[in-house]
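A short worksheet on the structure shown next.
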């Protein structure tokens, strides 16, 4: 009798403990949100320019992080080739658009027909007159290039999976081996870019680009609105995919427990292929937007890994909305931090690193991450 | 008595370690067959070998007359066999409804009627269909795991220790459900540590030890058998 | 049967030839190419080989340190650039004379103060030794500081964090110009024992020094690994849970392995500073100081000290060979791109090695415990990505 009473008391204590911990975690999460929102509000008011740029770079990071979080969550490894894949996609789009490649010594036109040759493809797409400001710098040619690139990258990712990742998976290789393999692939991708397009920076559309004036005396390049909208749209689409479609639910099931998914009759290998196809498309959007925002440059891919991973982990692995929010936070923090005199612009990505350390110390599963 | 599931002379194991040395069993239509035996006897491995999760090096597994030895799991599920693992048998971040949807993944057209049927069988989890499965209690999870396996209307259901880590009340509940499911026409093959209870409502039983068949017979007979009782039921 | 599996099955015979073949191929090319290009000038060829050998030895030391961290302790450190950078810079600022001139700024500069035994010509060797010791100390302290928070992370998070740390340190050396002269870097790093011979022959001295240090480090690590301490380390790598269950303080051992590896890397960095005599941000790029060393270890064989040295030899050999090939009269379309093609080959090589021969050219010779045997089979590793729920039936 006494023993059962003791057990019951301990049980109550355990439950109290769990409840407190859950409450504590909820408080922590609320605290984190409060912190970020306060910081965001302060940034909008005091460093509006930096904030605006931060939203744009944040959009690019978010686009990359959405793909990264899918791969991390479903395929369970750190895709170190993500940044360079984005860049490769950007260059492929560039090639489809302009046909430019490096020949013997200088650029040559390597394609008899490029997307820019289509009628009206280079005509700048108009921005909505009601909102004032200039047009976009690109025509529908770029969008077509993006579409084709998405197909190419999807196919490339599937091929890489068949050749490299799947054999390693079948051997039950650890996540470290997969990460190292992806690093080798990253290097190879960068080399391919260098072989065909050399190292000097390139742009989809050369020259000065039209701008738009926003309230609070902020002037941005009109393209940047497109980038922002692209990020929001992509996040929404991926969210819809994961939570409203059968395929997406199967992806989440595999992320939860791939053995059980197999046992339930789901063909996991097929879902893995779909994951890579979708990641290829995501990487293409992210890459083209990156090139639009910054430039086409072979070195940009690898250095982006740090803020991309920071955004992914901050948002919570496996969560597209987390990737969006994480990307925004990192982007804005980077720009705002660097706008201070005492922090030189070279430290931009180190800001992402500091945020990453902080979130790993405070709440490793990130803002939207599921409990372990 | 049509045989739904037949395992004959199954040798199976992990890599170089062979765990099953020629095990045979049959599950006939409408039966509940229990496999009991001491720890490490290979009961779990037998189930996994039948379902194609552990490679079978010799022997055969037939489902409704078709050879399904070492078949890919999604094919086996399509042939009409379902499996509920002992642990980690629900998708914690998916809702209850989504868990069930995953159970019917291979089905092309609507599963609405199937969902209704399964929810009818498990009224406890029906009102919480939009909740995440991770929030459920142990007993409710087992129910959900069972429900998930029923979504494709299998002919035979393989259950790996369905009563493990459940409170006594829940154990009764789950066995009741299993019996109900069986009455609806699903043959059951289950393995259990809780041998007495399992034998209580099974039709037949096999006793496995060290990867080999030891005894078989109708459940009451095994229950009454003194030798079995001494060795395996802890009399 | 998948393609790589087919090769493995049929190739049991000629698999044994890969290592000696690779070694011979690289050796042949490394001797033949400079000889041929210099018009069969013996002196020029030997001189070239001396330079080659020096850097192979230095990189081998560094990779030995990486092997201690990864091969033996199982720590996935992608920020090895940090230790290379710290080691080289510390050795440089310790051994150099104080900064002079308007355009040169750096801290330290104790080179002149270290002539403590002038009767033994200590200005020739003492600063260099102090430099190496200082490099080891700084790298060790850095590793110790990092170990506390980092080693509790799971492996891929650890990799990302280490990249961040390396990048941060690299940024600091560039941005804080008073530290190590920013983007201009440090030049004129004193060379140990450079008064011993004429300037033209110094390369043989530094070669001898580098090889001597390599031999010392190699034997030290070999002794350490075969010691009881080393055995615990290796057991830890194979099965942390089991080792912890047997009462060993897992964290302490991992930290020690991490620190030891870092100190060895510090030695490598210091020697690099002496051999190259000038270092700067261009030296410490992610490709060179992170990827290349990892490539050396993977190609050579992780968990194997001889493999680390062999890997350094093969990969640096490939590097140098492509440099030599570039000197030839090639069509423009290739010559402008030869380095990129080389990078591509290195990237692809890592993937190929992981696929076809993950143990590297020189596999681990001895097994520590039965845990390895269990893990060598098809049992899934604790955090493996989604694969088939059962082993493939081929």
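Could I get the Rg over Rh figure for the range B:1-85? Both from C-alpha atoms, Rh via Kirkwood, rounded to two places.
In the range B:1-85, Rg relative to Rh is 0.94.
Treating r as the C-beta distance of residue C:334 and residue A:19 and R0 as 51 Å, the FRET efficiency rounds to 0.15. Put a dot 7 Å past the Cα of residue C:197, heading toward its Cβ, do the same for residue C:154, and the two dots end up 5.4 nm apart. Computed from Cα positions, the angle between helix A:223-244 and the longest principal axis of chain A comes to roughly 40 degrees.
When the alpha carbon gyration tensor of the protein assembly as shown is reduced to an equivalent ellipsoid, the three semi-axes, largest first, read 54, 37, 28 Å. As a rough footprinting exposure proxy, the listed residues C:322, C:183, B:73 were ranked by other beta carbons within 10 Å of their own, and the order from fewest upward is C:183, C:322, B:73. From least to most packed, judged by other beta carbons within 10 angstrom and beginning with the fewest, C:157, A:140 follow the order A:140, C:157. Mean projection of the Cα convex hull over all viewing directions, computed for chain B: 12.4 nm². Taking all Cα-Cα distances within the range B:83-124, those exceeding 15 Å account for 49%. Built from the Cα atoms of the range B:66-141, the convex hull projects on average onto 6.0 nm², one quarter of its surface area. For a distance above 36 Å, tell me the whole-number percent of Cα pairs in chain A that qualify. Percent of Cα pairs beyond 36 Å in chain A: 27. Under the simplified labelling scheme, the residue A:35-residue B:164 pair shows an inter-label distance of 4.1 nm, with each label point 7 Å from Cα along Cα→Cβ.
Over all Cα atoms in chain C, the spread is summed up by Rg and Dmax: 22.2, 74 Å. Helix C:42-66 and the longest principal axis of the C-alpha atoms of chain C enclose an angle of approximately 60°. The share of C-alpha pairs in the range B:12-55 whose separation exceeds 13 Å stands at 58 percent.
The Cα trace of the range A:242-358 gives Rg and Dmax of 17.5, 59 Å, the first to one decimal, the second as a whole number. Highest mobility in the GNM of chain C, judged by mean-square fluctuation with C-alpha springs under 10 Å and restricted to C:293, C:84, C:339, is found for C:339. What base-10 log of the normalised intensity I(q)/I(0) is obtained for the range C:67-181 from the Debye formula, alpha carbons as equal point scatterers, at q = 0.09, 0.13 Å⁻¹? Evaluating at q = 0.09, 0.13 Å⁻¹ gives log10 I(q)/I(0) of -0.32, -0.60. Given the options A:195, A:272, A:158, which has the most mean-square fluctuation in a GNM of chain A, springs set between C-alpha atoms less than 10 angstrom apart? The residue with the greatest mean-square fluctuation here is A:195. Treating each Cα of the range C:205-362 as an identical point scatterer and ignoring solvent, apply the Debye formula and state log10 I(q)/I(0) at q = 0.11, 0.14, 0.15, 0.20 Å⁻¹. The Cα Debye sum returns log10 ratios of -0.58, -0.89, -0.99, -1.42. Just checking the listed ones, C:301, C:336, C:87: in the Gaussian network model of chain C with Cα springs under 10 Å, the one fluctuating most is C:336. Multiplying the residue separation of residue C:176 and residue C:100 by 0.36 nm and removing their Cα-Cα distance gives an extension gain of 25.6 nm. Semi-axis lengths, largest first, of the ellipsoid equivalent to the range A:125-280 are 38, 23, 13 Å, with √(5λ) applied to each eigenvalue of the Cα gyration tensor. Counting only Cα atoms, the range B:108-170 measures 38, 28, 18 Å along its principal axes, largest extent leading. Here the range C:318-360 is treated as a sphere whose radius is the Kirkwood value from Cα pairs; by Stokes-Einstein at 10 °C and 1.306 mPa s it diffuses with a coefficient of 140 µm²/s. Distance from the C-alpha centroid of the range C:80-120 to that of the range A:253-267: 58 Å, rounded to the whole angstrom. Counts of other chain beta carbons within 10 angstrom of each beta carbon in peptide A:161-174 average 6. Just to be sure I understand: of the beta bridges DSSP finds with both ends in the protein assembly as shown, what percent are antiparallel, rounded to 5? In the protein assembly as shown, DSSP labels about 65 percent of beta bridges as antiparallel.
Kirkwood Rh over Cα pairs of the range A:218-307 into Stokes-Einstein at 20 °C, 1.002 mPa s: D in µm²/s? For these conditions, the coefficient is 140 µm²/s.
Pop the C-beta distance of residue A:11 and residue B:176 into the FRET formula with R0 = 30 Å and round what comes out to the nearest 0.05.
The formula returns an efficiency of 0.70 here.
Relative to the longest principal axis of the Cα atoms of chain A, helix A:2-46 runs at roughly 30 degrees. Binning the alpha carbon pair distances of the range A:55-210 at 10 angstrom intervals from zero yields the distribution 9, 32, 32, 19, 7, 1, expressed in whole percent. As a proxy for reagent exposure, ranking C:72, B:11 by other Cβ atoms within 10 Å from fewest up yields B:11, C:72. Counts of other chain beta carbons within 10 angstrom of each beta carbon in peptide C:157-168 average 6. As a size descriptor, the averaged projected area of the C-alpha convex hull of the range B:100-233 was calculated at 9.3 nm². The label point for residue B:220 and the one for residue B:106, both projected 7 Å from the Cα toward the Cβ, are 3.8 nm apart.
A short reminder: the numbers here are calculations on the coordinates, not readings from a lab. The model shown is predicted, which means the values in this text are computed figures rather than measured ones. Heads up, the Cβs are rebuilt from the backbone with ideal geometry, glycines too, and the neighbour counts pull from every protein chain shown.
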